[in-house]
Every structure is written in C-alpha cells, then in structure tokens.
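*Asks:* Take a look at this one; I'll ask things after.
The values are calculated or read from the model by the stated rules, or taken from the named source; none is laboratory data. Bear in mind that the values here come from a model prediction, so they are computed numbers and not experimental data. A quick note on method: Cβ atoms are made from the backbone with ideal geometry, for glycine too, and the neighbour counts reach across all protein chains shown. To get the accessible areas, we keep the full protein, side chains included, count just its heavy atoms, and leave off ligands, DNA and RNA. Shrake-Rupley method; radii C 1.70, N 1.55, O 1.52, S 1.80 Å.
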Amino acid sequence: MIPAAFEYHRPTKMDDVIALLTEHGDDARVMAGGHSLIPMMKLRMADVPHLIDLQDIGGLQNISIEGQRVTLGAMVTQHELINHTALAEVAPILRETALQIADPQVRYMGTVGGNVANGDPGNDMPGLMQCLDAQINLTGPSGSRSVAARDYYEAAYMTAREDDEVLVSVSFDAPRSGYAYEKQKRKIGDYATAAAAVTITKDGGKVASASVAMTNLSDVPVWSEAACDALVGTDCNVDALAAAVAAMLGDIDPTEDNRGPVAFKRHVAGVILKRAIARAWDRA
Amino acid sequence: MNDMTPDREERSANLKGLGCSRKRVEDARFTQGKGNYVDDIKLPGMLHGDFVRSPYAHARVVSINKDAALELPGVVAVLTAEDLAPLNLHWMPTLAGDKQMVLADGKVLFQGQEVAFVVAKDRYIAADAVELVEVEYEELPVIVDPFEALKTDVVLREDLAGQTEGAHGPRKHHNHIFTWEQGDEATTNQVLDDAEVVAEETMYYHRTHPCPLETCGSVASMDKVNGKLTLYGTFQAPHVVRTVASLLSGIEEHNIRVVSPDIGGGFGNKVGVYPGYVCSIVASIVTGVPVKWVEDRMENLMSTAFARDYWMTGKIAATKDGKITGLHCHVTADHGGFDACADPTKFPAGFMNICTGSYDIPVAYLAVDGVYTNKAPGGVSYRCSFRVTEAVYFIERMIEVLAIELNMDAAELRRINFIKKDQFPYQSALGWEYDSGDYHTAWEKALKTVDYEGLRKEQAERVEAFKRGETRTLMGVGLSFFTEIVGAGPVKNCDILGMGMFDSCEIRIHPTGSAIARLGTISQGQGHATTFAQILASEIGLSADSITIEEGDTDTAPYGLGTYGSRSTPVAGAATAMAGRKIRAKAQMIAAYLLEVHDDDVEWDIDRFVVKGAPERFKTMKEIAYAAYNQAIPGVEPGLEAVSYYDPPNMTYPFGAYVCVMDIDVDTGVPEIRRFYALDDCGTRINPMIIEGQVHGGLTEALAVALGQEIAYDDLGNVKTGTLMDFFLPTAWEVPNYETDHTVTPSPHHPIGAKGVGESPHVGGVPCFSNAVQDAFRAFGLRHTNMPHDHWRIWQTANRLGLHD
C-alpha cells in the first residue's frame, strides 16, 4: 500500500491541466476526490508518474439548476449532493443514490466527476446518469464537447473520453417523474451486487415513459431500452414487471465474483429492478 | 465517630473498586489521537524493511537476483534465506512444535510467503526496491484441500521427508501433522451403535482472520556498544517474545528489552512470532541502526495468522425423549504450510475437547487430524480461548441437528441435557473440570426475556403466510448456550514453549498513598489500566484513581505469559488480588503497631484497619502507606511492595445464553437482525460498562464471521479476500442493537470469583447468528448449511430448498 513516486501538479487553470495532459500523455492522470485513483496507486495497479489535482481549478464545484436543467460540476462531492436542498427538490434521485455510495467519510471526498469519469463498473453514478440521459461535458486541447452518458462507457475503465480531455461537468433535465435507486450490497462501502436506477412518468394511470439502468451487472452500466419499452403503456402490474425484468436480463452480463455466482446476480438483479420499478411507480 | 467521617457506603464508592462502571482511563489518549503504537515509534537513523512476497502458493524458488534492488539509491540491504542461514535464522520454531521458514528456503508454501527482506532508508524506497528484486519461480502443484492433501503424492514439506514422528505423535502421511485423540473411542462407538437415535452431520468452520485495526509490526534497535537489543512490537505476549528472541539470537535475556506499546487490537493475531519480527532484529544487528517493519492490510490478511479452518464431523447419540448419551467428533484441521497454531504445547488442537459443551454427556470421543496445505500458517484463537469457538459451534450445531432428528424444540433439548447446578464441579467426558455454573437459571431468564414461546408462535404463523404467498420473508430464532474455557492455565498442563502459563503482578505503594502495579499481561483494548486498578482498589483500600497500571515493558513488568484466551482477569487478575493481599497483610502489622495493639486485634474495613470493638480507632490505608516509609517499625522492613506469581488451580468456565431473531429475505438472501439478546455469566463483575463493551465487540466479530467474513482461496491458492472490500469487517451500519443481561456465578477457585468475558460473546455469538439463519429454513427441510451466511449462500440455500420456484 505504498505508491510509486509521482510528480504532483496542482494547477489553478484548466488550460494548464490540458497543457500537462498534452505534455505527459499516458503518464498523466487528473484526480478529483481521489477515492478510486489513490487506492489504485497505493496498490501499484495504477502507474501515474504525473498526478494532476483538480481541486484548485475554479468553476468545477458548482451545482446549477436552471428550470429543469441541472448541471453538476465535476468536483461536486457526494456529500454536497446529499445536502443540496434545491437539488433534492428538483432531482431527489441524486440524493437517494448518493446516500447509497460508500460511507460518509468517502462521500466527503468522492466527487460526481470522478465517479462518472472513471468507468468503474461498480460506481453508481454512471448508471444513474444513463437513466437520466445525462450529457457528459468534456474539455480538451481542441475545445469542449458533450457525450451522452448512454454512449460514454465502452468497457471497464474505457470511456469515450480521450486521454487529454477532462470531464468538467454532467448535465441533465431533472425528470418530472417517479424515481428510485435500489441497491443491494454486502456491507457499507461495497459496490453493488445489483443496483437499478428507474424513473417513470405516469399519464392516465399508465406508464407514459420509463428509464431503466443497471449498475455493476456488466463491464459497463446498462441502460435497458427493452426494459423501458416493456413498461410503457402498462400499469406496472405483475406481468409488466416480469416483462421488464426479462428484457433487462437480456441486456446484462454479470460475472462471478465474491458477491456470488452469475445465477444469483441475475436473480437479484430481477428482484432489485422490480422493487425499483414499484417504488418509482408509487412516486410517479 | 466524627460526623465528617464518610459512611461505609461512601468510602466504598470512593474506591471505585469491584462492580463500578468506571470510565476507561485509557480512552483520554485513544480518543484524542494520543496513543503510542508501534508505527508511531521513530528512532534516530531508523531504516525501513519491506518484504518480497511469493505470488504463488506452491513453487520452487529457482533464483533470487538482488542486483537491481541494491543499485537503487537508499537501499541498504536485501536479505534472503541464504543470508540468514549462517545465523541459523532462516527457519524459526513455531509455538506448535513445528518450524517455519523466516525467508523462503528453496520453495514457497503459500501465497504471500516472505521471500526476501529489503532494508532501505525510507518506506517508499523499500517498496520500490521490492519491485526490483527478481525472483524466478518454478510452479508446483497446489493443494488447498486438506482431504486431497492426505491423498496426494505431492509433498509439501520436503524438509520433513521421512519423519514419521511429529511434535504430537505419529504422522500418517507426508502432509499429515498429527492426530490428537481424547476420550473413550470404544465406549463412544458402542453407545452410538446401541442408541435409539443418532444424528450425524459434517460442518465446515471456514477460515477467517482476526484482522485487528492495527496490523503487525516491530522496531528492532540493536545497540552494538552496550550489546543491548530493544524490540518494540505488536506482541500479545512480550515476555515470551523476549525469551524466544534470546534463544534464537543467542543474545542473553537480560540484554533484551521487549516493549509492547499501545496495541490496536490483537484478537489472537499478535500472539505468534512472525518473520517480520525476526527480519527486523537481524537487519538491526547487521546494520547497527534501528529497523522498522510494519505490514500493510493486505499482508496482514494474506500472511499473518488465520483462524478456524476446521472440517468437523459429529455423531450424537440420544434416547427418543432427548437425553444425550454420547458424542463422537472428528476434525480435519487445515493448518496451512507450517503448523504455527498458537496453543499451549500439550494441546495441538487447543481446547477442542470442550466440545461436549454445556451438556451432561456421559461418554465422548474426539480425534483431530492436523494437515498441511498451501495456505498461510496460523490457527490462532480469534477472540476465543484455544479452538473454543470451533468446539462451541460444533456442539451448538449438533444440538440443533439432533433437535431436527428428534422433531423436538431445540430450547427444550438443551434444557433436558444441561449440566445441573448441583453437579459442579463437573468432570466432563473429555477431561475438564467445570468450576461452577447455573445453566438452567440463565436459560430460563433468557427465554422468558425474549418471550420464546411467542417467537415460535410468530415464526409458525410466518411460515404459513409464506406458504400462502403473502410474504417472502422468513423468520429465524437462533439459540445458543455456550460454556467457555478460559484462563490458561495451570502450569502442570499448560505451557507455551516450556513457559508455564502463570501470570504476575507487582505492586508498589507510594508514601502518599497512591500506587503503581505492573503485570505480565498486555492490554490490546481490554481496558486493563481501568479494571486491574479496580481489583486492587477493593483489595488494598486505595482509590482506583490513585493506582497506575503498567504493562508491556519487560524491563519493568514481572514475567507473564501475556494476554489472549481471556486469561488476563482469570490469571493476572488473580495475581493482582493475591499481591494486594500481601500488601494488606503487611499493612495490618503496620496498623497494629501504630494503634498499639496486637496484629490480631485489628480488622480490615474497606479502606482501613480498625481496632476490633473500637471502630473509632483506625488507620486508613493512606496513613499506613506513609508510615511504611517514615517509621522504624520493629520487625517490619520499610516500604510497601508485593509481588505475586499466580499459578491458577483450574481454568474458569464463563457461560451464557444468547438469542437472535432474524428476518431473511428469501429472494435476495439478505438477513435482517431484528433482536439480539445476550446473557453472560462471567462470575464476579469487575466493571459492568467494560463488560458491556466487550460483549458488543465480541458479538460484532461473531456477526462478521457468521455472516460473511472469510479468507477464501481459489484452486491455485490465490487469496480471494485480501482487502477490506471483500473481507467483511462490520461497521456501525451492519451492527444491530444488542441487549445485554447477566447472571453471576462466581468461580470458586479464583480469588475474587471472576471468570473473564472478552471472548465469550464471540464464542457464543457465532453459533447464535448461524443458528438463526438455519432455523429460518428448518420448516422447509434444512438440516445444516455452512457459514459464512453471506447473501448469495443464503440465497443458494433458499434456492436448493425450492423456495424460488
């Protein structure tokens, strides 16, 4: 648990961050809260000769809400998410999710940007962002661009972000819907055995729209369009739930680990999704 | 009497002696970050050591190339077995009569085994250099299953080739260590053959790890000018470490000072001697400057002493109405690559022969086969007396299985078979003499408090509701009744490396009526500085607040065998009381002199000696202490000091009755503990608040072990649970509310009747949590399923019983 030597950079301007990334290429990594990267460095599983700390970069700490449009700066901590009253009103699913991430100590340091950017299949925010159809806002040497969260994740730790780009914020339209983030984990601080993010809008006693995303059940978060389709137009009865679960199970690809074998994970994924849908439907 | 004189009750309360829930005096420093742990020790010029460890579970070490590491600036030395061999320190003796490689001598036997020791000017350079040591391995077949180990041609311990006699008798196979037999096999088999009912079950008590918050480490400082070695370390038995260090190094024992500073939890993990200690000593001797070695969390989990790993097969015989007539137990014990169990020498399977439990079982037989595998060595008592958790889990599961066989209520089955109050002292079939107990009273109190009948009724209703499809949650009522065996132990049959398992206390009373007492034990969180002062306060009449307790420095403390197996209060606590009585005996002579009466004409009264029949004439202990230093008393030496070395006449046998109520989500395998009730009888209660804290801690570690904590290996001997992501260490979030209760049955042979409590809740807790899980499925045909009961294994149980169909 002793990291190899590294250069520590703490620029105050984003231009300097980009310059460092351009200069050092693969040898440089940006750090937000550090709660994924630092343990990896201590385990010597991540070799980072140049560590660029983002905490002195201005403008990354904001939570902005304009109407239904929410933008979360990359350096917003989980703790700040949980305690932001206006955010809790407009998009309560953020708070519900963040409260299920790690423990209070980690949430004081862990950030939205780090959680979203890293591409760790165990992280909770990527699935949530896919559920919310968020845009991931990147900046790099050739300017800024946005990538849909649903297109961002390519494989475990592999994302659409280029090595010389920095994730600066995520933005989404807060859903006027019922919502739920349901997570089963072995203990506090653990990644999900299975987790589901669900939003549902209701119209005339039927599901008008639905969004379903699953966490830690594949090497990337899984937004299940088929599960959404299975719910639309139904009243979330037993058959609709079963159809949504069956559709979702077609999209996930869990692997065996210490949390359990594949059969168990698939079963629990179904149970968790049903519970998330039921809660979201209740709230719709 | 003067009106200002406090009354007896007030004087007694002022002492803060036995029975007082005094706040822990240690906590001021611990809660303010002012503790002083091994890693806080920084000596001038100190170097840092780090290990190159084997990535393989079984491999030949073909070559080790140190060149690149030695070229790294700041690297001082790289030690291998070849370097230690001339000192004969490449191997070391274990506490179990085996020997263990300090550094890999030709081969490695478990993943994480120490291969080379890098010494560098700072901790970072040491870690960098570890990566630069090039080790060439040739992989060998890996054996992680002890049953396969006993069949295979693969020889794990080539150094023992041809040795058919081990430290504990004949070896049956090249991977076999010992067979330990207790009891009467022929009669037991006869009883089983003739029995009306026999229940049989095999259970695996999985491998786990004590995982103290502070990992193991040491700082060795060899002063070449004075020839003195000072060794700071995470030692649960500092005096034994000094003796072992002397025997291994050849340095005379008076030239070695061992210091255990504050220790951040031990739970058995810090009883043994580890290669890191030896390497830090050798490196300091070689370099002439202090050398620190502190392992990280992964090294701690992967290479220092594990606990459990017992395959236990039981047969229990009974009459049709539930009277147990005999018990047969066979254990296949996986000891890993070296037999480094920490047990008293004559007990290679610890006190596993307490496995008749709290029951009057007329005849029994136990056989334990120890086996080598490609896993880390160890086999320590993790928050229990030697192998007592295994024994109690075994019998408490056998009772449940027998209850199923008999179609009988498990609480009633226990009631029928408890040793009765008037049978104590009770001779068990496997050779122990239980000192005292009142099991029926404790059991009835527990069952009444939790409304046992009501719980069973609710459970039956839940089963019906489940069958009707109205709920997906089952309810388990976990029962356990345990008898611990602690306070090792009588020197006649208990020793560690030949050192009798007595313990000691030395007291000095200062002229102004305060005192310091030093003991041979060492607190790792048990609160000795608080409770031993209370024992003494009640014995010598000075307030506990005026008594300093000091442990852990072998230059100042009297020799003792250390703290583990709940032995501190039963043994060192007894020594404290006995030394206190010596103080009081001398104080009586001084008081009589001062009061100008015969010694026999004064009597003890809380904090003073009074003249018999004339209570207005007295001398307080404070006055007596002063007189001891300023009066020339004929026939009495000046000063007021005493020392006692206490050889306990017997073990003590704390017991308890636990009930756990659990709701289990059949679909996710998630258990929810609704209620946990723990009644403990640890004899005389010294500090009820500390007892409650100990019970909470022990139950939490029991919850961990029962519900998920394990050291798991894959087929190649890779540790699958080497970080706290996968190794379950519960936090406040996972822990339920605990209800604690007690009865008091003093030990008849202990000076103050105390029995020890730190480990009871772990011993009794594990089967209670496990029984709750298993009980939830009893109505659906479950007989037994192995721990740990994590989500997926509970789900698997439900799945196998067809509850997901």
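*Asks:* Are there any residues in segment A:1-45 with a reduction of at least 20 Å² in accessible surface when going from the isolated chain to the assembly of protein chains? Probe 1.4 Å, please list them by number.
*Replies:* Flagged in segment A:1-45: A:M1, A:I2, A:P3, A:L43, A:R44.
*Asks:* Jot down the per residue volume, in cubic angstrom and as a whole number, of the convex hull over the alpha-carbon atoms of segment A:7-53.
*Replies:* For segment A:7-53, the hull spanned by Cα atoms encloses 61 Å³ per residue.
*Asks:* Take the alpha carbon atoms of the protein assembly as shown, find their radius of gyration, then divide it by 2.2 N^0.38 Å using N residues; give the quotient.
*Replies:* 1.02
*Asks:* Structure shown: which of B:K323/B:K421; B:K16/B:K42; B:K323/B:K445 lie over 29 Å apart, alpha-carbon to alpha-carbon?
*Replies:* B:K16/B:K42
*Asks:* Quick one: if the Förster radius is 45 Å, what FRET efficiency do B:K34 and A:D239 give, using the C-beta to C-beta distance and rounding to 0.05?
*Replies:* So, using R0 = 45 Å, E works out to roughly 0.10.
*Asks:* A follow-up question, please. Roughly to the nearest percent, how much of the accessible area of chain B is carbon and sulfur, given a 1.4 Å probe?
*Replies:* In chain B, the share of accessible area belonging to carbon and sulfur is 51 percent.
*Asks:* If you plug each phi of segment B:472-482 into the Karplus form 6.51 cos²θ - 1.76 cosθ + 1.60 with θ = phi - 60°, what whole-Hz ³J(HN,Hα) values come out, in order, with x for Gly and Pro?
*Replies:* Per-residue couplings from phi come out as 10, 10, 9, 10, x, 10, x, 10, 8, 10, 10 Hz.
*Asks:* With solvent modelled as a 1.4 Å probe, how much accessible area in total do chains B and A shield from it at their shared surface, in Å² to the nearest 100?
*Replies:* Chain pair B/A: roughly 2200 Å² of buried accessible area.
*Asks:* Using a Förster distance of 30 Å, how high is the FRET efficiency between B:H804 and B:H696, based on the Cβ-Cβ distance and rounded to 0.05?
*Replies:* 0.25
*Asks:* Let me ask something else about it. Find the Cα radius of gyration of segment A:63-173, compare it with 2.2 N^0.38 Å by division, and give the number to two decimals.
*Replies:* That works out to 1.00 for segment A:63-173.
*Asks:* Rg and Dmax in Å for segment B:671-746, alpha carbons only: what are they?
*Replies:* Both quantities, over Cα of segment B:671-746: 16.2, 50 Å.
*Asks:* If you put +1 on each Lys and Arg Cβ and -1 on each Asp and Glu Cβ, how big is the dipole of the protein assembly as shown around its Cα centre, in Debye rounded to 20?
*Replies:* About 1720 debye.
*Asks:* Hey, for a label at B:D296 modelled as a point 7 Å past Cα toward Cβ, could you say which residues of segment A:1-28 have their backbone N under 12 Å away?
*Replies:* The answer is A:1-5, whose backbone nitrogens lie closer than 12 Å to the label point.
*Asks:* Let me have the 222 nm mean residue ellipticity of chain B computed from DSSP H runs of 4+ only, each contributing -39500 (n - 2.57), with the sum over all residues rounded to the nearest 500.
*Replies:* Calculated from helices alone, the mean residue ellipticity at 222 nm is -8500 deg cm²/dmol.
*Asks:* Let me ask you something else. Distances over 13 Å make up what percent of all Cα-Cα pairs in segment B:565-633?
*Replies:* For segment B:565-633, the share of Cα pairs beyond 13 Å comes to 64 percent.
*Asks:* Show which aspartates and glutamates lie in cross-link reach of B:K151 when reach means a straight Cα distance below 18 angstrom and same-chain residues fewer than eight apart are skipped.
*Replies:* Counting by Cα, and skipping residues close in sequence, B:K151 has these aspartates and glutamates nearby: B:D334, B:D369, B:D715.
*Asks:* Gap in Å between the Cα centre of segment B:655-711 and the Cα centre of segment A:124-142?
*Replies:* One Cα centre to the other: 44 Å.
*Asks:* For segment B:141-212 and segment B:738-766, what is the separation of their C-alpha centers, rounded to whole Å?
*Replies:* If we compute the Cα centre of each part, the gap is 32 Å.
*Asks:* Follow-up. What list of whole percents do you get for P(r) of chain B, with Cα-Cα distances grouped in 10 Å bins up to the one holding the largest distance?
*Replies:* Histogram of Cα-Cα distances, whole percents per bin: 3, 13, 22, 24, 19, 12, 6, 2, 0, 0.
*Asks:* Another one. In segment B:523-610, which GluC sites (Glu not before Pro) fall in coil by DSSP and have 11 or fewer other Cβ atoms within 10 Å?
*Replies:* Counting only loop positions with at most 11 other Cβ atoms within 10 Å, the GluC sites (Glu not before Pro) in segment B:523-610 are B:E596.
*Asks:* Strictly over 27 Å apart at the Cα level, which of B:K66/B:K720; B:K23/B:K755; B:K23/B:K619; A:K42/B:K99 would you flag in this model?
*Replies:* In this structure, B:K66/B:K720; B:K23/B:K619; A:K42/B:K99 lie more than 27 Å apart at Cα.
*Asks:* Same structure, new question: Kirkwood hydrodynamic radius, chain A, all distinct C-alpha pairs: what's the number in Å?
*Replies:* For chain A, the Kirkwood estimate is 19.2 Å.
*Asks:* Residue-wise, which Karplus ³J(HN,Hα) couplings in Hz belong to segment B:228-241, taking 6.51 cos²θ - 1.76 cosθ + 1.60, θ = phi - 60°, and x for glycine or proline?
*Replies:* For segment B:228-241, the Karplus-derived couplings read 10, 10, 10, 10, 9, x, 8, 10, 7, 9, x, 5, 5, 4 Hz, x marking Gly and Pro.
*Asks:* On to the next question. As an exercise, find the ratio Rg/Rh for segment B:290-421 from alpha-carbon atoms, using the Kirkwood inverse-distance average for Rh.
*Replies:* Rounded to two decimals, Rg over Rh is 1.09.
*Asks:* Based on the mean of other Cβ atoms within 10 Å per residue, sort peptides B:314-325, A:84-95 so the most packed one is first.
*Replies:* B:314-325, A:84-95
*Asks:* Any chance you could get the radius of gyration and Dmax over the Cα atoms of segment A:193-283, in Å?
*Replies:* For segment A:193-283, the Cα-based Rg and Dmax read 12.6, 44 Å.
*Asks:* Also, quick follow-up: When the distances between all Cα atoms of segment B:429-559 are binned every 10 Å from zero, what whole-number percent does each bin get?
*Replies:* Computed distribution, short to long bins: 9, 22, 20, 19, 14, 10, 4, 0.
*Asks:* Once Rh for segment B:173-270 is found with the Kirkwood sum over Cα pairs, what is the Stokes-Einstein diffusion coefficient at 25 °C and 0.890 mPa s, in µm²/s?
*Replies:* For these conditions, the coefficient is 135 µm²/s.
*Asks:* Where the accessible area of segment A:63-173 is counted over protein heavy atoms with a 1.4 Å probe, how much of it, in %, is carbon and sulfur?
*Replies:* 47 percent
*Asks:* I want to check the label-to-label distance for B:E139 and B:K172. Put each point 7 Å from Cα in the C-beta direction and report it in nm to one decimal.
*Replies:* So the two model labels end up 3.2 nm from each other.
*Asks:* Quick one: if you stick a label point 7 Å off each Cα along the C-beta vector at B:D599 and A:V232, how many nm between them?
*Replies:* 10.0 nm
*Asks:* Taking R0 as 22 Å, what FRET efficiency do you get between B:I516 and B:Y559 from their Cβ-Cβ distance, rounded to the nearest 0.05?
*Replies:* That pair, B:I516 with B:Y559, gives E of 0.80.
*Asks:* Oh, and also: Which log10 I(q)/I(0) values does segment B:209-321 give at q = 0.11, 0.14, 0.23 Å⁻¹ under the Debye formula, counting every alpha carbon as one identical point scatterer?
*Replies:* Evaluating at q = 0.11, 0.14, 0.23 Å⁻¹ gives log10 I(q)/I(0) of -0.41, -0.58, -1.25.
*Asks:* Still on this structure, please answer the following. Would you mind giving the mean number of other chain beta-carbons within 10 Å of the Cβ of each residue in B:789-797, as a whole number?
*Replies:* Mean shielding count: 5.
*Asks:* Shifting gears a bit: Given labels modelled 7 Å from the Cα in the Cβ direction, how far is it in nm from B:D715 to A:D27?
*Replies:* Once both label points are built, they end up 4.3 nm from each other.
*Asks:* Same structure again: Enumerate the calculated ³J(HN,Hα) couplings along segment B:354-371 in order (Karplus 6.51 cos²θ - 1.76 cosθ + 1.60, θ = phi - 60°), each rounded to whole Hz, writing x wherever the residue is Gly or Pro.
*Replies:* Those phi angles translate into 8, 6, 7, x, 9, 10, 7, 10, x, 9, 7, 9, 10, 10, 10, 9, x, 9 Hz.
*Asks:* Return the calculated 222 nm mean residue ellipticity for chain A, to the nearest 500 deg cm²/dmol, obtained by summing -39500 (n - 2.57) across DSSP H runs with n ≥ 4 and dividing by the residue count.
*Replies:* Computed mean residue ellipticity for chain A: -10000 deg cm²/dmol.
*Asks:* Taking beta carbons within 10 Å but only from partner chains, what does the mean come to for residues A:185-191?
*Replies:* What the average comes to for A:185-191 is 6.
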